[in-house]
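Visitor: Got a structure for you, questions after.
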Amino acid sequence: MATQLSKTLREQLDMKYDEFFWSDSKIVIGWISNASRRFNTFVHHRIRIITSETKIKQWNHTPGHCNPADIASRGKPCDQLADSAWFSGPDFLKAATIDQYKLNQQQSEVLDPKDPELKKLKVSKTANVRQPTTVVTRFAKFSTWTRLVRSISTIRNIQKNCTKSWSIKPISVEDGRTSENKIICEVQKHHFEDSYTLIKSGQRLSKKHTLSKLNPFVDETGILRVGGRLQNSQSLNYQEKHPIILPCDAHIASLIVRHYHDSTHHQGRTYTLSAIRNAGYWIIGVTRLTKSVLSNCIACKRLRGKPMEQIMSILPLERVEPAPPFLNIGIDCFGPFVVKERRSEIKRWGLLITCLYSRAIHIELLNDMTTDSFINALRTFICLRGAVNTIYCDQGTNFLGASNEFSKELQSLNKRTSALGTFLLDKQITFKFTAPQASHAGGVWERQIRSVKAVLDGMRIGRYHNRLDTTGLRTAFYESMAIVNSQPIAVNHMDDPEVPILTPNHLITSKAKEVTSPPGNFGSTDIYSRKMWRKVQQFADEFWTLWKTGYMNRITKRQRWQNPKPNIQKGDIVMLTDENTPRNQWLYGMVEETIASTDSKIRKVKIKMSNRGIDSKGKIITKGSTLKRPIQKLVLLQRDE
């Protein structure tokens, strides 16, 4: 406790003084003076703190009857307390010399080898070098230019008026200007100590010096200013003709840039630089400093920050390994479409199913967005197209937001207690979700929905959909499905008449019953074979060859997000983008957990949202929820330091 109190006093008092520590325990003095033995954890931890902040020669021994601390620990009657050393301190401190009470290092207590606190370990000493504290280094404790100027003005007012009365006068404009000049003068003397002395004495700087081109001079207030060539200008004031010179590595330079950036209401770099120059400051390297300040400005990130990016991830296994069509699929819903049944108008939806490998599609009509309707459509698809191993889908409004019942079913898939979970478990189907609001992660099926809608618009289904009934809408879906499946998926050989055009229909019509590819090697000569199965297999093998050469080479390129970015970390403060609300109403949160991809890049995170407010008693009204979002929907405001 004495060591910690001494440390606090040294940090707060700008004065030199000698320190002495007194204890009536010779054992403790022996522990502190020890340099060759180690102690158990309890004693070792405290001795380490004492020796790191104080010197051994500062510790002295005093007899127990001279120690005022014993009065507090042992107690004393009230009639004896008034005449005790509790109020006046020990008598030996009042003597002219106190050397007789100091314990000599050679006469210090010898440690008992049987002392239970001793450890048979060697001690290692560390030395802490304290940096000298100056007035300029104390400026780094201020976060704004206004607070720094106001604090210096207050201190100067106290210095002026404390001898007459303790009342402090209000800070005037003139006091603020004088304080600014004092601050700038101290910073210039600290950073330009050699140059400042030469310039003030009227000597010239070397041509290689940074300030030589500015022709600097020291004015009557002791401030270093730019000489320049604008002395004869009548339209400029003195501050603009002779701006104040400041180094960019000074803390007040950052405070000034941030101050005028706030005064321009967080405009861009050009507006900030113009405001600094008009205020009469010439900061060396101001452009680089301004960029740094603006890049760390939270308000600018809120107003104009861009969502985060990460290098485009590698393709999943289901998209690069050969497999029969519709073995691994991605699904999504689109609609609604209003159809006419007799005299009533009802809504219908479409369920698009995309093969992740061949890009073939299948469309089923949904009567509503309930679990039963989805399961029936999925059963129909499996009966027509065969078994399914993996299903990918998003967590957007098409599923989680369209129906509360379907939302509960999807959210309870891990429990395997819902109707949908039971169906998937019986069929041995794995359901995989992309991150919420990550439409780019489902680009395979999102792009196919766009193609289907384009076909339906061409058939005028989107404009005159109320003239169709349910059967007509299903027929339109199948027509668009056939057209999309006839589109080529590889355009590399479109100009070569000898290479056939590759479409998803080539693979749909040659789907085998087995999951794996048939064994054997089939060459071009098998087309002339008398065995029909070898001819069919040769056509299938030719399809896979064209698929690898024409399509695989095209999807290997990263169309966007080519360069890796720094990963978002746990504890970062982010802002969630929302296209349906204004930017100033976007919510804030803190990254609670990061989810790494197979390449160790972070593309999905769990976010702890901020609380929605507190009542009059200070209690939280609504606790913040936890959301899972892709980084493309987040704006990074502040990293965890």
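The values are calculated or read from the model by the stated rules, or taken from the named source; none is laboratory data. In this text, all values refer to a predicted model and were calculated from it rather than measured experimentally. FYI the Cβ positions are ideal-geometry reconstructions off the backbone, even for glycines, and counts take in every protein chain you see.
Visitor: Could you please find all residues in region 334-358 being touching a Pro at 6+ places or on another chain (Cβ under 7 Å) and either among the polar types (S, T, N, Q) or loosely packed, with under 14 Cβ neighbours inside 10 Å (or both)?
Guide: Selection gives Lys347, Ser358.
Visitor: Here's another thing I want to ask about it. Given the criterion out of contact with any Ser or Thr (no Cβ under 8 Å at 6 or more places or on another chain), surrounded by 15 or more Cβ atoms within 10 Å (Cβ to Cβ) and at pLDDT 85 or above, identify the matching residue among Leu148, Leu118. Outline the logic, then answer.
Guide: Values: Leu118 fails: at pLDDT 85 or above.
Exactly one of Leu148, Leu118 is out of contact with any Ser or Thr (no Cβ under 8 Å at 6 or more places or on another chain), surrounded by 15 or more Cβ atoms within 10 Å (Cβ to Cβ) and at pLDDT 85 or above, namely Leu148.
Visitor: Condition first: of a type in the set (A, V, I, L, M, F, W, C) and either more than 33 Å from the chain's Cα centre (by Cα) or at pLDDT below 70 (or both). Can you find one or more residues in region 432-443 that meet it?
Guide: Looking only at region 432-443, we keep the residues that are of a type in the set (A, V, I, L, M, F, W, C), and these are 433, 435, 438, 441.
Now drop any that are not either more than 33 Å from the chain's Cα centre (by Cα) or at pLDDT below 70 (or both), which leaves none.
Taking every residue of region 432-443 in turn, none turns out to be of a type in the set (A, V, I, L, M, F, W, C) and either more than 33 Å from the chain's Cα centre (by Cα) or at pLDDT below 70 (or both).
Visitor: Also, quick follow-up: Quickly run through region 218-238 and pick out the residues that are assigned to a loop (DSSP other than H, G, I, E, B) and among the hydrophobic types (A, V, I, L, M, F, W, C). Even if it seems obvious, please write down each step before you answer.
Guide: So the first thing to find is which residues in region 218-238 are assigned to a loop (DSSP other than H, G, I, E, B), and the list is 219-223, 226-237.
Across region 218-238, the qualifying residues are Ile223, Val226, Leu230, Leu236.
Visitor: Could I ask something else about it? Go through region 573-594 and count every residue that is surrounded by 13 or more Cβ atoms within 10 Å (Cβ to Cβ), within 13 Å of Leu627 (Cβ to Cβ) and out of contact with any Leu (no Cβ under 8 Å at 6 or more places or on another chain).
Guide: Residues that pass the stated criteria total 3.
Okay, residues lined up against (1) in a loop (DSSP other than H, G, I, E, B); (2) over 48 Å from the mean Cα position of the chain (by Cα); (3) surrounded by 10 or more Cβ atoms within 10 Å (Cβ to Cβ):
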{"position": "Leu9", "(1), (2), (3)": "no, no, yes"}
{"position": "Lys16", "(1), (2), (3)": "yes, no, no"}
{"position": "Trp22", "(1), (2), (3)": "no, yes, yes"}
{"position": "Ile29", "(1), (2), (3)": "no, yes, yes"}
{"position": "Ile32", "(1), (2), (3)": "no, no, yes"}
{"position": "Val43", "(1), (2), (3)": "no, no, yes"}
{"position": "Ile49", "(1), (2), (3)": "no, no, yes"}
{"position": "His65", "(1), (2), (3)": "no, yes, no"}
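Visitor: Turning to a different aspect of this structure: Please go through region 196-210 and pick out each residue that is hydroxyl-bearing (Ser, Thr, Tyr) and in contact (Cβ under 8 Å) with a residue 24 or more places away in the chain.
Guide: Taking region 196-210 and keeping what is hydroxyl-bearing (Ser, Thr, Tyr), we get 196-197, 201, 206, 210.
Within region 196-210, Tyr196, Thr210 qualify.
Visitor: Sticking with this one: Just to be sure before I move on: is Ser616 modelled with pLDDT of 70 or more and assigned to a loop (DSSP other than H, G, I, E, B) in the structure I sent? Please lay out each step first, then the result.
Guide: Values: modelled with pLDDT of 70 or more: no; assigned to a loop (DSSP other than H, G, I, E, B): yes.
It is false that Ser616 is modelled with pLDDT of 70 or more and assigned to a loop (DSSP other than H, G, I, E, B).
Visitor: Among the residues of region 207-233, how many are under 46 Å from the mean Cα position of the chain (by Cα) and polar (S, T, N, Q)?
Guide: 4
Visitor: Out of (1) closer than 30 Å to Cys297 by Cβ; (2) modelled with pLDDT of 70 or more; (3) part of a loop (DSSP other than H, G, I, E, B); (4) not hydrophobic (A, V, I, L, M, F, W, C), the odd one out for Pro170 is which?
Guide: The single condition Pro170 does not satisfy is (1).
Visitor: Take the residues in region 70-92 that are touching a Ser or Thr at 6+ places or on another chain (Cβ under 9 Å) and not aromatic (Phe, Trp, Tyr); name whichever of them is farthest from Phe20 (Cα to Cα). Spell out the reasoning first.
Guide: Taking region 70-92 and keeping what is touching a Ser or Thr at 6+ places or on another chain (Cβ under 9 Å), we get 71, 76, 90, 92.
If we keep only those that are not aromatic (Phe, Trp, Tyr) as well, we get 71, 76, 90.
Working: Ile71: 20, Lys76: 26, Pro90: 14 Å.
Here the residue is Lys76.
Visitor: Conditions first: (1) within 20 Å of Thr3 (Cβ to Cβ); (2) modelled with pLDDT of 80 or more; (3) of a type outside the set (Ser, Thr, Tyr). Lys76 passes all but one, so which condition is the exception?
Guide: So Lys76 meets the others, but not (1).
Visitor: Which residues, taken from region 21-79, are more than 23 Å from Gly89 (Cα to Cα) and among the aromatic types (Phe, Trp, Tyr)?
Guide: Within region 21-79, Trp31, Phe39, Phe42 qualify.
Visitor: I need a count of the residues in region 189-235 that are among the charged types (D, E, K, R) and over 23 Å from Val136 (Cα atoms). Full working, then the answer.
Guide: Step one: filter region 189-235 for residues among the charged types (D, E, K, R), giving 189, 193-194, 200, 204, 207-208, 213, 219-220, 225, 229.
Then drop every residue that is not over 23 Å from Val136 (Cα atoms), which leaves 204, 207-208, 213, 229.
So the answer is 5.
Visitor: Right, something else. Report yes if some residue within region 53-61 is among the acidic types (Asp, Glu), part of a helix (DSSP H, G or I) and closer than 22 Å to Leu9 by Cα; otherwise report no. I'd like the intermediate steps shown before the answer.
Guide: Residues of region 53-61 that are among the acidic types (Asp, Glu), as a first pass: 53.
Now restrict to residues that are part of a helix (DSSP H, G or I): 53.
Cutting the leftovers down to closer than 22 Å to Leu9 by Cα gives us 53.
The answer is yes; a qualifying residue exists.
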